[in-house]
Amino acid sequence: MTSEKLLLVGAGLSGAVIGRTLAEAGYRVTVIDTRSHVGGNCHTERDPASGVMVHVYGPHIFHTDDAGVWDYVNHFARFLPYKNQVKTTTGGAVYSLPINLHTINQFFGRTLRPDEAAAFIEELADTGIETPESFEQQALRFVGRDLYEAFLKGYTMKQWGCAPSELPASILKRLPVRFTYDDNYFFHRFQGMPEDGYTAMIARILDHPGLRVLLDTPFEPGMAQDFSHVFYAGPLDGWFGYDAGRLGYRTLDFERFCARGDWQGCAVMNYGDVSVPWTRITEHKYFAPWERHEATVCYREYSRAAEPGDIPYYPVRLVAEKALLGEYAARAAAAERVTFVGRLGTYRYLDMDVTIREAMETAAAFLASRTAGKAMPAFVHAPL
């Protein structure tokens, strides 16, 4: 065992995977988190009244094509099959998402075959838009105005708090259109849910004799001097005390309610109409379809701009945020004995599988740097 002591700030996926890997390599690792539980925003817990496993900070569904990551999480949890089949209520009717052959036929009152539907949508598409620059232009080019306004416009306005014409076209690349009846929201080879929830899985990752976990412990700058290196999964701008301003995030408010029986018959129901203030309702017992519960726990989900003290969920990354990010990233690159990791540390939207893969790569980079006698960089995965 080495005499080096390492500090991991954040007991979510990044901190857990990096901490476990380096503890197994013989380092003395301390993981701290300001919250009273491990798991970060992936935290799950049983509702004592109903027994439902609740995704406390909103639903997290594991999906990946990375076989190595899939093997890793299955080492610490038993994953059971789960297919994310999202529904949406818009214009007084319920449809399936992503937009697929059933959605198209139902919306337009047709009985189109796949090739007919593809040709039909191409006729609706605005082919005059050769190089879409905004979310709105991308949508109009892909699916035309009717589908855009029914399924994408209102939801996007509520989620991001601005007109789709102000958002980059790249955001829409996460929303496929299918000309089959496949309503599986994701297309990855491996999809599932941990049988005992994410918190139990992450607690097992952190369960190592060379690793100490301190909860209810906010990071203070003076802590770094007691460790040879810090892996920081907190907000990048927070490392600098937000002295140049705060990077923009969207946060979520949850209105929790309970009922007997079933509420909506599915895990996720989006609401596309702007007149409905929430973006979606999630019914948590449907995230564990192998369980049976007589009662149910639901969240109405509202999106708004994050303010100081709010939990940051989605980095905005528009022009102003990218300029400020560039300033903070340059300062971070000059910092010593600290590496910024994860969604908050690199100010990027990351799925769980990518977070784990990057954490594995960061730990490997640290071990390689120590072997080579070189300094560990501030970013293994650059924010820009």
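The values are calculated or read from the model by the stated rules, or taken from the named source; none is laboratory data. Being a predicted model, the structure only gives us computed values, none of them experimental. Note: ideal-geometry Cβ built from the backbone for every residue, glycine included; neighbour counts use all protein chains shown.
Given the options Asp182, Asp216, name the one that is surrounded by fewer than 21 Cβ atoms within 10 Å (Cβ to Cβ) and at positive phi.
After applying the criteria, what remains is Asp216.
Restricting to the range 342-365, and then to whatever is modelled with pLDDT of 95 or more and outside any helix (DSSP H, G or I), can you tell me which residue is farthest from Arg250 (Cα to Cα)?
Within the range 342-365, the match that is farthest from Arg250 (Cα to Cα) is Asp351.
Restricting to the range 65-81, name every residue that is of a type outside the set (Phe, Trp, Tyr) and either surrounded by fewer than 16 Cβ atoms within 10 Å (Cβ to Cβ) or closer than 19 Å to Trp290 by Cβ (or both).
The answer is Asp65, Ala67, Gly68, Asp71, Val73, Asn74, His75, Ala77, Arg78, Leu80, Pro81.
Where residues in the range 185-194 are modelled with pLDDT of 95 or more and in a loop (DSSP other than H, G, I, E, B), which of them is farthest from the chain's Cα centre (by Cα)?
Checked the range 185-194; the qualifying residue farthest from the chain's Cα centre (by Cα) is Arg189.
Could you check, for the range 200-207, whether at least one of its residues is farther than 30 Å from Arg280 by Cα and outside any loop (DSSP other than H, G, I, E, B)? Let's see the steps before the verdict.
Step one: filter the range 200-207 for residues farther than 30 Å from Arg280 by Cα, giving 204-207.
Those still in the list that are outside any loop (DSSP other than H, G, I, E, B) too: 204-205.
Among the residues of the range 200-207, at least one is farther than 30 Å from Arg280 by Cα and outside any loop (DSSP other than H, G, I, E, B), which makes the answer yes.
Yes or no, residue by residue, for (1) of a type in the set (Ser, Thr, Tyr); (2) in the same structural domain as Val338 (by TED's automatic domain parsing); (3) modelled with pLDDT of 95 or more; (4) out of contact with any Ser or Thr (no Cβ under 7 Å at 6 or more places or on another chain):
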{"position": "Leu13", "(1), (2), (3), (4)": "no, yes, yes, no"}
{"position": "Arg28", "(1), (2), (3), (4)": "no, yes, yes, yes"}
{"position": "His43", "(1), (2), (3), (4)": "no, no, yes, no"}
{"position": "Gly51", "(1), (2), (3), (4)": "no, no, yes, yes"}
{"position": "Asp71", "(1), (2), (3), (4)": "no, no, yes, yes"}
{"position": "Arg78", "(1), (2), (3), (4)": "no, no, yes, yes"}
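Can His37 be described as assigned to a loop (DSSP other than H, G, I, E, B) and of a type outside the set (Ser, Thr, Tyr)?
yes
Do you know which residues across the range 111-130 are part of a loop (DSSP other than H, G, I, E, B) and within 21 Å of Leu152 (Cα to Cα)?
Once the filter is applied, which keeps residues that are part of a loop (DSSP other than H, G, I, E, B) and within 21 Å of Leu152 (Cα to Cα), the range 111-130 yields Ala125, Asp126, Thr127, Gly128, Ile129, Glu130.
Counting only residues that are acidic (Asp, Glu) and free of Cβ contacts under 8 Å to residues at least 24 places away in the same chain, which one in the range 122-157 is surrounded by the fewest Cβ atoms within 10 Å (Cβ to Cβ)?
The qualifying residue surrounded by the fewest Cβ atoms within 10 Å (Cβ to Cβ) is Glu130.
Give the number of residues within the range 209-247 that are closer than 19 Å to Asp33 by Cβ and not in a loop (DSSP other than H, G, I, E, B).
Within the range 209-247, the first condition is being closer than 19 Å to Asp33 by Cβ, and the residues that meet it are 210-224, 226-227, 229-239.
So of that shortlist, the ones also not in a loop (DSSP other than H, G, I, E, B) come out as 211-214, 221-224, 226, 229-232, 236-239.
Residues that pass the stated criteria total 17.
Going through the range 298-326 one residue at a time, which ones are within 20 Å of the chain's Cα centre (by Cα), surrounded by fewer than 21 Cβ atoms within 10 Å (Cβ to Cβ) and part of a helix (DSSP H, G or I)?
Glu321, Lys322
May I ask you to say which residue of Ala203, Ala244 is touching a residue at least 12 places away in the same chain (Cβ under 8 Å) and crowded, with 16+ Cβ neighbours inside 10 Å?
Ala203
Going by what's in this entry, would Thr339 be described as buried (at least 19 other Cβ atoms within 10 Å of the Cβ), of a type outside the set (Asp, Glu) and assigned to a strand (DSSP E or B)?
Numbers: buried (at least 19 other Cβ atoms within 10 Å of the Cβ): yes; of a type outside the set (Asp, Glu): yes; assigned to a strand (DSSP E or B): yes.
In short, yes.
Give Arg178, Arg110, Arg174 a once-over and let me know the one that is basic (Lys, Arg) and at pLDDT 95 or above. Working first, answer last.
On the way: Arg178 fails: at pLDDT 95 or above; Arg174 fails: at pLDDT 95 or above.
The unique qualifying residue is Arg110.
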